[in-house]
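Structure record follows, encoded as structure tokens.
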Amino acid sequence: MKKIGPLPLSLYESMATPLPLLPVLRESLRTRVAIIGGGYTGLASAVALSERGIDSVLLEAHQPGWGAAGRNGGQVNAGVKHEPSQVERDLGSVHGPRLIELSSRAPSMVFDLIEKHGVECEAERGGTLRAAHKTCDISSLVTSVEQWKTRGVQLELLNANDTRRMSGTDYYRAAILDARGGSLNPLSYARGLASIAAHLGSKLYGESRALQLKKTNKCWRVTTQSGTVDAESVIIATDGYSDALWPRLAQSIVPLYSSMAATEPLDDRLLASVMPTRAVLYEAGLVTYYLRRDAHNRLLVGGRGAQHSASTRNSYADLVRHAQRLWPELAATRFTHFWNGQFALTPDFYPRLHAPAPGIYSAIGYSGRGVALATAMGQELARAITGTPLTELALPVTPIQPIPFHRWWRVGVRTRLALATLQDALRS
Ligand SMILES: Cc1cc2nc3c(=O)[nH]c(=O)nc-3n(C[C@H](O)[C@H](O)[C@H](O)COP(=O)(O)OP(=O)(O)OC[C@H]3O[C@@H](n4cnc5c(N)ncnc54)[C@H](O)[C@@H]3O)c2cc1C
């Protein structure tokens, strides 16, 4: 097996807008809010708090965007995994409509932030295609269009011809075009958020893992290897990379790995047939892939893969095969980059908002939809800290619920994937 170098080393590592390394925390600081984790949730919280004039200190175990924020598919998608009616059924008549509204608006929040602050991150608002290969998935597309329509959002249902015209492949039988979505370079976006937060006055530190979180007389003390931060409030924004910092948080989510592969830049002939309209695409169904063309005309394909940090080309063979299935003309195209990363999956695919002790907040579990949603949750966390009653936030504040038999999550994921593959093969 050919080694492809130490991971994590995503395509983005070599292409993203540079950001000077953040300093290590080597002192004792006091601030209003300590933020733990430098992904979208933490960084967007820092920006939102700074905009409200609230001091914050952000501690990242590595550098901003080291986690899923710097490795993801770069798809900026609206909504959550479930359709609006189910969201209302599951979350009720108060929080259901609020989450639908927030998740619908979330892509605009991302693109507006990028535009307002001039973030260089290859942002494109070319829409999202949700495409069905199997006939049985077409009805879910129809339902989605109807449900969003009654909530004032027009999605376009595409037949097989139009789907082929937009995607360049005849693999799909139908699709929805959602104009709210688009794409960006995820690591550049994370670094852009870090720059904005620092510019607005937030203090950011890298290589500064929060090792302990303890209540003192008047505040919370966060301890790192070489410093401390005393804060009235703390935001824990560690998603799929959550550790033992807060009891049971890591056990409340599945830290699922998703894999990605990217081609060399495509030549003009291929550009005419591979995702010619540049709308990003994710699949409807049980075992799915997500695809887009980046600003340098590489094809990026993502999907299920090894449930560990994988550094052999073989671990990504399925992604390459799928891309070649969609576009046989890619047979001679080189795939040059392979990487994977973890995101927090919740058992019901809804994100969680926790406030497990006075002054402690956490937003976690975007279940693969975090580019837009985590940015939006940064605003919600800032609202909570600046006095908005918790009952008025978009998500209900819930207790942390560990998943039974959590230590066997890899076995659970492998079993679920095997079952889904089997089920998928039996569907038409
Ligand atoms: C391969 C892949 C593809 C994906 N594709 C998409 C997509 O196309 N569209 C989409 O919407 N979503 C996608 N996602 C999901 C999305 O990336 C995540 O939902 C999102 O990044 C979550 O942001 P976050 O800030 O909450 O967490 P992260 O970005 O994971 O950041 C958490 C950070 O916390 C830090 N940390 C952990 N513990 C500590 C500690 N004790 N002290 C200090 N720091 C700590 C970590 O180092 C990490 O940097 C994908 C995810 C992956 C892995």
* **Kirkwood Rh, angstrom, the range 104-258 [1 / mean 1/r, Cα pairs]** => 19.6
* **DSSP bridge pairs, the chain: antiparallel proportion in percent, nearest 5** => 65
* Dipole magnitude of the range 178-321 about its Cα centre (Cβ charges: Lys, Arg +1; Asp, Glu -1), debye to nearest 20 -> 320
* Asked: What residue among GLY73, GLY192, GLY126 shows peak mean-square fluctuation when the chain is described by a Gaussian network model with Cα springs under 10 Å?
  -> GLY126
* What angle, in degrees between 0 and 90 and rounded to the nearest 10, separates the Cα long axis of helix 317-326 from the longest principal axis of the Cα atoms of the chain? -> 50
* Structure fact -> With +1 at each Lys and Arg Cβ and -1 at each Asp and Glu Cβ, the charge dipole magnitude of the range 50-207 around its Cα centre, to the nearest 20 debye, comes out at 260
* To do: Quickly estimate the mean residue ellipticity at 222 nm for the chain, helices only: each DSSP H run with n ≥ 4 gives -39500 (n - 2.57), and the total goes over all residues, rounded to 500.
  => -10000 deg cm²/dmol
* Find the percent of Cα-Cα distances in the range 286-428 that exceed 24 Å, and round it to a whole number. => 49
* Asked: Between the helical axis of 186-199 and the dominant principal axis of the chain, each derived from Cα atoms, what acute angle in degrees is found, rounded to the nearest 10?
  -> 30
* Structure fact -> Shape call for the range 21-159, from the Cα gyration tensor axes a ≥ b ≥ c (a/c under 1.5 means rounded, otherwise prolate when a/b beats b/c, else oblate), comes out prolate
* Structure fact -> At q = 0.10, 0.12 Å⁻¹, the log10 of I(q)/I(0) for the chain from a Debye sum over equal Cα scatterers comes to -0.67, -0.98
* Could you please report the charge total around PRO276, scoring K, R as +1 and D, E as -1 over all other residues with beta-carbon less than 13 angstrom from its beta-carbon? => +3
* Nearest-ten-degree value, helix 409-426 long axis tilted from longest Cα axis of the chain -> 20
* Average Cα contact separation per residue, the range 229-379, under 8 Å, 6 or more apart, as relative contact order % -> 31
* Amide H neighbours of HIS62 under 5 Å, counting only residues 5+ apart in sequence or on other chains, H built in-plane at 1.01 Å? -> GLU207, SER208
* **Nearest-20 debye value, the chain charge dipole, Cβ charges on Lys, Arg, Asp, Glu** => 880
* So what is the relative contact order of the chain, in percent, for Cα pairs below 8 Å that sit 6 or more residues apart? -> 25
* Positive minus negative residues near ARG304 (Lys, Arg vs Asp, Glu; Cβ under 11 Å) -> +1
* Structure fact -> Check: C-alpha center the range 103-150 vs C-alpha center the range 245-289, spacing in Å is 14
* Asked: For ALA197, what charge total do you get from the other residues with a beta carbon under 13 Å from its beta carbon, if Lys and Arg give +1 and Asp and Glu give -1?
  -> 0
* Structure fact -> Gyration tensor on Cα atoms of the range 345-407, a ≥ b ≥ c root eigenvalues, a/c under 1.5 rounded, else prolate if a/b beats b/c, else oblate, says oblate
* Structure fact -> Using alpha carbon centers only, the range 299-353 is separated from the range 177-220 by a whole-angstrom value of 25
* Dividing the alpha-carbon Rg of the range 216-375 by 2.2 N^0.38 Å yields what? -> 1.32
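Any read-out appearing in this document is the output of simple, stated calculations on the displayed coordinates, not a laboratory observation. Note that this is a predicted model, so its numbers are computed, not measured. Heads up, the Cβs are rebuilt from the backbone with ideal geometry, glycines too, and the neighbour counts pull from every protein chain shown.
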